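Working notes for the structure below.
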Amino acid sequence: MSTTDITVYGIVGSLRKRSWNRLLMESAARLAPDGVTVTISDLLGQFPLFNEDLLGQEPPAVTRMREEIAAADALMVATPEYNGGVPGVLKNAFDWISLPLGASVLQGKPVALIGTSPGRLGTARSQFELRNMFVFSQSPVMPGPEVVMPFAPKCFDEAGNLTDPVATERIGILFEKLRGHVLASRMEAAVR
Ligand SMILES: Cc1cc2nc3c(=O)[nH]c(=O)nc-3n(C[C@H](O)[C@H](O)[C@H](O)COP(=O)(O)O)c2cc1C
């Protein structure tokens, strides 16, 4: 392990077995440059609906995701779009993880957003909403490049590999941006 290596925790905002966004995240994990390790979470489907009455008896999947996010250097979120916004399962998960407010594992955690849909806007609206949500958790979201990939079925081969050259190039740049952010934060912490 080198001092420039980073770990990225991948969250897919779809529970669908044949999800395009899962394929996108799996492709991103394969495209990650040397020294960037991506682990894709499988916990989202185990999250109960957020209910403040459950605070104090936190479900195990929530605690585990919290720990896994804390252990990672950065987050990558692959989001679908439903009715022009963030999927309920994803918003639900971040409502849990955002606690305790102002001191959650999301605070200061760099985030890269990616997403795809069969439609022509390719999750532009849900990604915009997610950016806003991360303002509250004080998580710096990489400003670009945007990986907003329309017409999902045309962007993968039969084995599920990403074939879209624009998304492929942008994902590579996004990983370098994430790494740059993480290394700058490490350096800042070292001189403090
Ligand atoms: C209730 C519902 C609402 C949807 N709304 C949108 C939408 O606003 N924008 C969009 O691009 N696709 C929309 N879609 C299509 C989804 O992008 C599509 O189902 C996609 O495959 C879901 O992501 P996944 O493949 O990762 O599961 C919607 C689908 C459903 C079932």
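Okay, here's what the table says:
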| item | result |
| --- | --- |
| Phi to ³J(HN,Hα) by Karplus 6.51 cos²θ - 1.76 cosθ + 1.60 over segment 71-81, Hz, x for Gly, Pro | 6, 8, 7, 7, 10, 10, 10, 9, 10, x, 9 |
| In the chain, lysine pairs closer than 23 Å at Cα, eight or more apart or cross-chain | 4 |
| Rg/Rh for the chain, where both radii come from Cα atoms and Rh is the Kirkwood radius | 0.95 |
| Over segment 1-110, relative contact order from alpha-carbon pairs under 8 Å, at least 6 apart, % | 35 percent |
| The chain: antiparallel DSSP beta bridges as a percent of all, rounded to 5 | 10 percent |
| Vicinal HN-Hα couplings computed from phi for segment 173-189 (Karplus, 6.51 cos²θ - 1.76 cosθ + 1.60; Hz; Gly/Pro x) | 5, 4, 4, 5, 5, 4, 4, x, 5, 5, 5, 5, 5, 4, 5, 4, 5 |
| Amide H contacts of VAL111 (H built 1.01 Å from N, under 5 Å, at least 5 apart or other chain) | LEU75, VAL141, MET142 |
| VAL38 long-range amide H proximity, modeled H, under 5 Å | VAL8 |
| For segment 64-106 and segment 113-147, distance of Cα centres in Å | 13 Å |
| Per-residue ³J(HN,Hα) for segment 97-111, Karplus 6.51 cos²θ - 1.76 cosθ + 1.60, θ = phi - 60°, Hz, x for Gly and Pro | 5, 6, 9, x, 4, x, 9, 7, 5, 7, 5, x, 7, x, 10 |
| The chain, relative contact order in percent, only Cα pairs under 8 angstrom and at least six apart counted | 24 percent |
| Dipole of the chain, positive direction: furthest Cα of LEU174, VAL77, PHE151, with charges on the beta-carbon | PHE151 |
| Interchain or long-range residues, amide H under 5 Å from GLY85's placed H | none |
| Potential lengthening between THR4 and ASP42 on full extension [0.36 nm per residue; Cα-Cα distance subtracted] | 11.0 nm |
| Accessible area of the chain belonging to carbon and sulfur atoms, whole % at 1.4 Å probe | 56 percent |
| Estimated FRET transfer efficiency when R0 is 41 angstrom, pair ARG131-GLU158 (beta carbons, to 0.05) | 0.80 |
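The values are calculated or read from the model by the stated rules, or taken from the named source; none is laboratory data. Note that the coordinates shown come from a computational prediction; the quantities given were computed from them, not determined experimentally. Every residue, glycine among them, receives a Cβ derived from its backbone with ideal geometry; neighbour counts consider all protein chains shown. The protein model used for the area step is the full one, side chains on, heavy atoms only, and it has no ligands, DNA or RNA in it. Shrake-Rupley method; radii C 1.70, N 1.55, O 1.52, S 1.80 Å.
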